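Participant: Dropping a structure here in structure tokens format, bear with me for questions.
The values are calculated or read from the model by the stated rules, or taken from the named source; none is laboratory data. This one's a predicted model, so the numbers in the text were calculated from it and none came from an experiment. When we count neighbours, we look across all protein chains shown, and the Cβ atoms used for this are built from the backbone with ideal geometry, even at glycine.
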């Protein structure tokens, strides 16, 4: 009796051992190389709000025009984690779209400079180079020492989103200045609706508004200084004033306290259901909420208001994008870059804007935007320039402190003055840190070109940069 | 002989009543969230958002949540993965620990204490300490993203606690049995296999329950070491369900997923819980 | 003799698998962690830069880390004491053959059966400002004024007390019950005959006999509390405010979110040392009080 039990257990154990050892092979992604005489190229794509169908179509497109290449494109929400061991082992894919610490990779020479590629002709646009077909942000965002290491491909602009019907019904108008915004919020509050919803559990959502206000109050120079964590700037007057303004929205309960406990989906749901009039967000909003937005909802976008008496341009718009890059240690980096050039063709860009209702970093791709995107595109087009925050990516430790302060300021746990002092200390620590604990990141200023252009603008205000 | 007081005084009754009441109240506190979870898992997700009050009964049983979690959320696959990994780890850890504990609990030799402390020290290691080095170790051994890799890690991590309990257990077994068997001509191994091991059953079951719960529900290591979605264990699948954009508004499916993860653990616990007391009495509470 | 040699062979062979597994997959990585903590490393490239004890020097100056230790201690002490008190109370009540004791005992353990992550997710819904049960109950009894977002920054740490206790009581209840059931019934009977009240019985009979459990429980609580991670993590959506960090979450943020492997590992090494020392101290202190052992 006992023996048979023993044998049964042993048998089970052996069986399990077999089952276990059998699939002991690694993840099933084909790595690049050659197969059937074709060059096998691997592309790793982030699977998020934009899904992967669009990128897959691009891959198939490339295979048609380049029959000697087979593209293996795979997507995953956590592809960044899957790629980490690949980078360490030295066999990364040929083209990557993932939220990796790009600046660390750049500093470690893991990203191929794309300058030569950018000089090649743009796909489907004879007479233009790839570089010329892109909006400047696409190649300035991730450049260093004059070289471009990654390209921003899909991107978003930030502003307040609202429902046209609601505003029409109450006769409300999008505000032009900050004071107008406060007055509008008061009106909305009187009407019994939450003026502004907020993704309180992720206080970083306030950064786009905050940085825009810094730009509005102190001018683009002030904003650039904050990005470079220059001494003294984080507690300077424009910055503290920006914290004050942002906190004002909470103090007056224009962003009611309850929102501090809601996630992005929950607060956005409140907005969709009409319980809140406005919400600060990027152009991915409509895609993210597509399953809950009723058909009658008339999506509206208003850029963040200007600040009367401020030094900065009232039309400048804050943007942020997601990047693609080619790893230097890829087996076919040239083909990887080539695929990227194909992905960023004008036709593809136009299709992306229509299908995904989001922005793409190719010029003129959004000449005919879908309804939900119309006003955002108009705002982006009429903006004098776009600016995109990098400080948290360049300086992760400072970035944590920054995120922290967003939370504290919005929960009314910190005064603007305290916020300024705190971040100034964090900036100082980060500056010191770079010498002892970071081996790279010389003080970058990839915006030199944009900055110079802005300087030039001062004499000729009619010229529009970027479009 | 005067009249005898019949029964305990009133104050005793009241005390007894209050005592019982406190038990019932806490039972409610324990059970209510689980009932709520169960109710929510059969509710349509939209209801969860719109019903302001958490007390209403669902309009009708929406069992599709379970179907969604099982098929679209791929819980069927994850379930199998969890079973394989848990079973594999349990077998390995029980085998290795039982053998080691037998020696450490019954054999007297100079290195006995030091070796025991060597193992016990492992209980103080925070899980995060070894996380990064283990990651690169697995990478080098090509065991990243495999069942075997995860099993080995879970086994290693469970060894200290298991050895701790089983050593205590084995040390209480009477040595007369050993001597008697030796006289009868049993080999050392036979003594272990035929006599001591069966006696250790309560301890083994106790330790298995705790190890099962720990491994079945483990999340951090699985998160770091398994990136292939086909190999995900249930806690990972659950987390994926919670953060995946598609299911952000489908809370019903999320709750159904939670119930799916919970049920096997509940079953295992229910089947084996009566051995817990005995196992603990002789194992953990000694020395 | 042959016997002795057989024993030695068996002993050696039996110890081997556990030793190998443990050393390779637990001890070796721990040692490696120490070596990583001596370097500057992002974890994304093979290059590491040796910086000696620099990281440890920074740990000593790290105010967030020391604040995190405070949080850990709070999370051990307050829920810990309450859990043990409740568990002991229920154990001594259930030990005396109350109607349905079995049901209570089994049911109280249920929360322990779930993964901590699951419990955290469940309680994040219980605490939800709009449709959570917690606020629902407050509104029901007319205390609607006190409803708030319980998982906001300032109340996060206290919010963890309830779920910790909820999870812990069942586990320690089982331990205490096992200990109490070992007390010979005659002691209780004799005490009752002597007319001792419930409290005196508890103080002089039950309490000394459950002391071994207290010792183990203390060690488990300290170990568990110092490793606290999941509740904070889930309740803060992965981004706890600096003041709400525990050692484990801070280490995770430094390592994974900020790519500072060397520093993060140094934190975990310091954490380990603290845990190790703390458990030894707890064990020693708890052992000293065994004077009551008869």
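Participant: Among A:261, A:312, which is the only one that is over 22 Å from the mean Cα position of the chain (by Cα) and within 14 Å of chain C (Cβ to nearest Cβ)? Steps first, answer last, please.
Facilitator: Details: A:312 fails: within 14 Å of chain C (Cβ to nearest Cβ).
Only one candidate passes the filter, namely A:261.
Participant: On to the next question. Give region A:94-138 a look and list any residue that's outside any helix (DSSP H, G or I) and within 14 Å of chain C (Cβ to nearest Cβ), or say none. Steps first, answer last, please.
Facilitator: Let us first name the residues in region A:94-138 that are outside any helix (DSSP H, G or I), namely A:94-101, A:108-114, A:119-129, A:134-135.
If the condition is that a residue be outside any helix (DSSP H, G or I) and within 14 Å of chain C (Cβ to nearest Cβ), then A:96, A:98, A:99, A:100, A:101, A:108, A:109, A:110, A:111 are the ones that fit.
Participant: What helices (runs of 4 or more DSSP H) completely inside region A:379-467 contain at least 2 residues that are within 14 Å of another protein chain (Cβ to nearest Cβ) and at pLDDT 50 or above? Break it down stepwise before answering.
Facilitator: Details: elements: A:391-394, A:396-410, A:416-437, A:448-457.
The qualifying helices (runs of 4 or more DSSP H) are A:391-394, A:396-410, A:416-437.
Participant: If you don't mind, there's one more thing I want to ask. What number of residues within region B:76-110 satisfy the criterion of being within 8 Å of chain C (Cβ to nearest Cβ) and surrounded by 18 or more Cβ atoms within 10 Å (Cβ to Cβ)? Reasoning before the result, please.
Facilitator: Kept after step one, since they are within 8 Å of chain C (Cβ to nearest Cβ), are these residues of region B:76-110: B:92, B:95-97, B:99-100, B:102-104, B:107, B:109.
Applying the additional criterion that residues be surrounded by 18 or more Cβ atoms within 10 Å (Cβ to Cβ) yields B:92, B:96-97, B:99-100, B:102-104.
Count: 8.
Okay, residues lined up against (1) touching a residue at least 24 places away in the same chain (Cβ under 8 Å); (2) farther than 30 Å from residue A:80 by Cα; (3) surrounded by 19 or more Cβ atoms within 10 Å (Cβ to Cβ):
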{"residue": "A:234", "(1), (2), (3)": "yes, yes, yes"}
{"residue": "A:246", "(1), (2), (3)": "yes, yes, yes"}
{"residue": "A:252", "(1), (2), (3)": "yes, yes, no"}
{"residue": "A:268", "(1), (2), (3)": "yes, no, yes"}
{"residue": "A:271", "(1), (2), (3)": "yes, yes, yes"}
{"residue": "A:285", "(1), (2), (3)": "yes, no, yes"}
{"residue": "A:305", "(1), (2), (3)": "yes, yes, yes"}
{"residue": "A:315", "(1), (2), (3)": "yes, yes, no"}
{"residue": "A:320", "(1), (2), (3)": "yes, no, yes"}
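Participant: Suppose we filter A:337, A:358, A:372 for residues that are in the same structural domain as residue A:126 (by TED's automatic domain parsing), over 20 Å from the mean Cα position of the chain (by Cα) and buried (at least 20 other Cβ atoms within 10 Å of the Cβ); which single one remains?
Facilitator: Values: A:358 fails: over 20 Å from the mean Cα position of the chain (by Cα); A:372 fails: over 20 Å from the mean Cα position of the chain (by Cα).
Exactly one of A:337, A:358, A:372 is in the same structural domain as residue A:126 (by TED's automatic domain parsing), over 20 Å from the mean Cα position of the chain (by Cα) and buried (at least 20 other Cβ atoms within 10 Å of the Cβ), namely A:337.
Participant: Being more than 7 Å from chain B (Cβ to nearest Cβ) and modelled with pLDDT under 85 is the filter; apply it to region C:84-97 and report the residue that is farthest from residue C:202 (Cα to Cα).
Facilitator: By that ranking, first place goes to C:97.
Participant: Is it the case that residue C:179 is within 10 Å of another protein chain (Cβ to nearest Cβ), part of a helix (DSSP H, G or I) and either surrounded by 19 or more Cβ atoms within 10 Å (Cβ to Cβ) or at pLDDT 80 or above (or both)? Even if it seems obvious, please write down each step before you answer.
Facilitator: Numbers: within 10 Å of another protein chain (Cβ to nearest Cβ): yes; part of a helix (DSSP H, G or I): yes; either surrounded by 19 or more Cβ atoms within 10 Å (Cβ to Cβ) or at pLDDT 80 or above (or both): yes.
Against the criterion (within 10 Å of another protein chain (Cβ to nearest Cβ), part of a helix (DSSP H, G or I) and either surrounded by 19 or more Cβ atoms within 10 Å (Cβ to Cβ) or at pLDDT 80 or above (or both)), residue C:179 qualifies.
Participant: Consider residue B:61 against the criteria (1) over 30 Å from residue C:46 (Cα atoms); (2) within 14 Å of chain C (Cβ to nearest Cβ): it satisfies all of them except one. Which criterion is unmet?
Facilitator: Going through the list (1) over 30 Å from residue C:46 (Cα atoms); (2) within 14 Å of chain C (Cβ to nearest Cβ), residue B:61 breaks only (2).
Participant: Return the residues of region A:135-146 that are over 24 Å from residue A:54 (Cβ atoms) and surrounded by 17 or more Cβ atoms within 10 Å (Cβ to Cβ); say none if nothing qualifies.
Facilitator: Taking region A:135-146 and keeping what is over 24 Å from residue A:54 (Cβ atoms), we get A:140, A:143-146.
Matches in region A:135-146: A:140, A:143, A:144.
Participant: Still on this model: Every residue in region B:6-20 that is more than 11 Å from chain C (Cβ to nearest Cβ) and part of a helix (DSSP H, G or I), please.
Facilitator: B:10, B:13, B:14, B:17
Participant: Would you list the helices (runs of 4 or more DSSP H) that sit entirely within region C:1-83 and hold 2 or more residues that are more than 14 Å from chain B (Cβ to nearest Cβ)?
Facilitator: On the way: elements: C:2-22, C:28-36, C:54-61.
Counting at least 2 such residues, we get C:54-61.
Participant: Which residues, counting only those in region C:26-45, are buried (at least 22 other Cβ atoms within 10 Å of the Cβ) and at pLDDT 90 or above?
Facilitator: Listed by number, the residues that qualify are C:26, C:29.
Participant: Of the residues that make up region A:17-27, is at least one closer than 29 Å to residue A:123 by Cα, within 14 Å of chain B (Cβ to nearest Cβ) and either at pLDDT 90 or above or not in a helix (DSSP H, G or I) (or both)?
Facilitator: Looking through region A:17-27, none of the residues is closer than 29 Å to residue A:123 by Cα, within 14 Å of chain B (Cβ to nearest Cβ) and either at pLDDT 90 or above or not in a helix (DSSP H, G or I) (or both).
Participant: Being facing chain C (nearest Cβ under 10 Å), at pLDDT below 90, buried (at least 21 other Cβ atoms within 10 Å of the Cβ) and within 27 Å of the chain's Cα centre (by Cα) narrows it down to one of B:217, B:145, so name that one. Reasoning before the result, please.
Facilitator: Numbers: B:145 fails: facing chain C (nearest Cβ under 10 Å).
Being facing chain C (nearest Cβ under 10 Å), at pLDDT below 90, buried (at least 21 other Cβ atoms within 10 Å of the Cβ) and within 27 Å of the chain's Cα centre (by Cα) holds for just one of B:217, B:145, which is B:217.
Participant: So is residue B:165 at the interface with another protein chain (Cβ under 9 Å from one of its Cβ atoms) and assigned to a helix (DSSP H, G or I) or not?
Facilitator: Numbers: at the interface with another protein chain (Cβ under 9 Å from one of its Cβ atoms): no; assigned to a helix (DSSP H, G or I): yes.
It is false that residue B:165 is at the interface with another protein chain (Cβ under 9 Å from one of its Cβ atoms) and assigned to a helix (DSSP H, G or I).
Participant: Is it fair to say residue A:193 is closer than 30 Å to residue C:236 by Cα, in the same structural domain as residue A:311 (by TED's automatic domain parsing), in contact with a strand residue (DSSP E or B) (Cβ under 8 Å, 6 or more places away or on another chain) and surrounded by fewer than 19 Cβ atoms within 10 Å (Cβ to Cβ)?
Facilitator: Details: closer than 30 Å to residue C:236 by Cα: yes; in the same structural domain as residue A:311 (by TED's automatic domain parsing): yes; in contact with a strand residue (DSSP E or B) (Cβ under 8 Å, 6 or more places away or on another chain): yes; surrounded by fewer than 19 Cβ atoms within 10 Å (Cβ to Cβ): yes.
Yes: the conditions hold for residue A:193.
Participant: Just one of A:256, A:238 is surrounded by fewer than 21 Cβ atoms within 10 Å (Cβ to Cβ) and either at pLDDT 90 or above or assigned by TED's automatic domain parsing to the domain that holds residue A:208 (or both); which is it?
Facilitator: On the way: A:238 fails: surrounded by fewer than 21 Cβ atoms within 10 Å (Cβ to Cβ).
Answer to the check: A:256.
Participant: Follow-up. Restricting attention to region B:255-287, and to residues there that are buried (at least 24 other Cβ atoms within 10 Å of the Cβ) and more than 8 Å from chain C (Cβ to nearest Cβ), which single residue is modelled with the lowest pLDDT?
Facilitator: If we take residues in region B:255-287 being buried (at least 24 other Cβ atoms within 10 Å of the Cβ) and more than 8 Å from chain C (Cβ to nearest Cβ), then B:283 is modelled with the lowest pLDDT.
Participant: Filter region A:139-193 down to the residues that are more than 24 Å from residue A:58 (Cβ to Cβ), part of a loop (DSSP other than H, G, I, E, B) and under 29 Å from the mean Cα position of the chain (by Cα) and list them by number.
Facilitator: Matches in region A:139-193: A:145, A:146, A:173, A:174, A:175, A:176.
Participant: So, of the residues in region B:178-202 that are within 17 Å of residue B:108 (Cβ to Cβ) and surrounded by 13 or more Cβ atoms within 10 Å (Cβ to Cβ), which turns out to be nearest to the other protein chains (Cβ to nearest Cβ)? Break it down into steps so the answer makes sense when it comes.
Facilitator: Within region B:178-202, the subset within 17 Å of residue B:108 (Cβ to Cβ) is B:178-179, B:182, B:188, B:191-192, B:196.
In the following step, the residues that additionally are surrounded by 13 or more Cβ atoms within 10 Å (Cβ to Cβ) were identified as B:178, B:182, B:188, B:191-192, B:196.
Details: B:178: 10, B:182: 7, B:188: 4, B:191: 9, B:192: 7, B:196: 12 Å.
Going through the qualifying residues, I end up with B:188.
Participant: May I pose another question? Could you identify the single residue in C:232, C:160 that is within 14 Å of chain A (Cβ to nearest Cβ), assigned to a helix (DSSP H, G or I) and at pLDDT 80 or above?
Facilitator: Numbers: C:160 fails: within 14 Å of chain A (Cβ to nearest Cβ).
Residue meeting the stated conditions: C:232.
Participant: Do we have any residue at all in region C:85-100 that's within 23 Å of residue B:268 (Cα to Cα), without any contact (Cβ under 8 Å) to a residue 12 or more places away in the chain, touching a helix residue (DSSP H, G or I) at 6+ places or on another chain (Cβ under 9 Å) and not in a helix (DSSP H, G or I)?
Facilitator: Checking region C:85-100: at least one residue is within 23 Å of residue B:268 (Cα to Cα), without any contact (Cβ under 8 Å) to a residue 12 or more places away in the chain, touching a helix residue (DSSP H, G or I) at 6+ places or on another chain (Cβ under 9 Å) and not in a helix (DSSP H, G or I).
Participant: For region C:95-105, enumerate the residues that are over 15 Å from residue B:17 (Cα atoms) and surrounded by fewer than 16 Cβ atoms within 10 Å (Cβ to Cβ).
Facilitator: Looking only at region C:95-105, we keep the residues that are over 15 Å from residue B:17 (Cα atoms), and these are C:95, C:102-105.
If the condition is that a residue be over 15 Å from residue B:17 (Cα atoms) and surrounded by fewer than 16 Cβ atoms within 10 Å (Cβ to Cβ), then C:102, C:103 are the ones that fit.
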